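Okay, structure first, notes after.
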Amino acid sequence: MAHHKSALKRIKQNKVKNARNKHVRTTLKTFVKRVREAVESKDVAAAKEALAAAIPVIDKTATKGVIHKSTASRSVSRLVKLVNTLG
């Protein structure tokens, strides 16, 4: 256990940041899951709509530093590619 005041404060800050990042990460997963489910059901309109909703969430997650910008870019690329397979 930390003994210094600054170390105790850092522990508190890390808990808050961890909770915030966890929320952002699970929200991101939900949006990606919606795109994949729409593609599985072969619903073109729903897939495109879900993709349009997911892309800003992915970008915002990268901006906040929860995921790396290259990971975000790769994720968007793969989802677009997946949706384009529907036609």
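Looking at Ala54, is it within 21 Å of Lys81 (Cβ to Cβ), part of a helix (DSSP H, G or I), among the hydrophobic types (A, V, I, L, M, F, W, C) and more than 9 Å from the chain's Cα centre (by Cα)?
no
Which of the residues belonging to the stretch 70-87 are more than 13 Å from the chain's Cα centre (by Cα), under 16 Å from Glu37 (Cα atoms) and part of a helix (DSSP H, G or I)?
Residues satisfying the conditions are Arg78, Val80, Lys81, Leu82, Val83, Asn84.
Quick one: which of Lys48, Lys42 is within 21 Å of Gly87 (Cβ to Cβ), assigned to a loop (DSSP other than H, G, I, E, B) and open to solvent by 100 Å² or more (accessible area, probe 1.4 Å)?
Lys42
Where the second residue is at pLDDT 95 or above and the first is open to solvent by 80 Å² or more (accessible area, probe 1.4 Å) and lies in the stretch 1-26, which pairs have Cβ atoms under 6 Å and are six or more apart or on separate chains?
The qualifying pairs are Arg25/Val66.
The values are calculated or read from the model by the stated rules, or taken from the named source; none is laboratory data. Just so you know, these numbers come straight off a predicted model, no measurement behind them. Glycine gets a Cβ as well: all are built from the backbone with ideal geometry, and neighbour counts include every protein chain shown. Note: areas computed on protein heavy atoms with side chains; ligands, DNA, RNA excluded. Shrake-Rupley method; radii C 1.70, N 1.55, O 1.52, S 1.80 Å.
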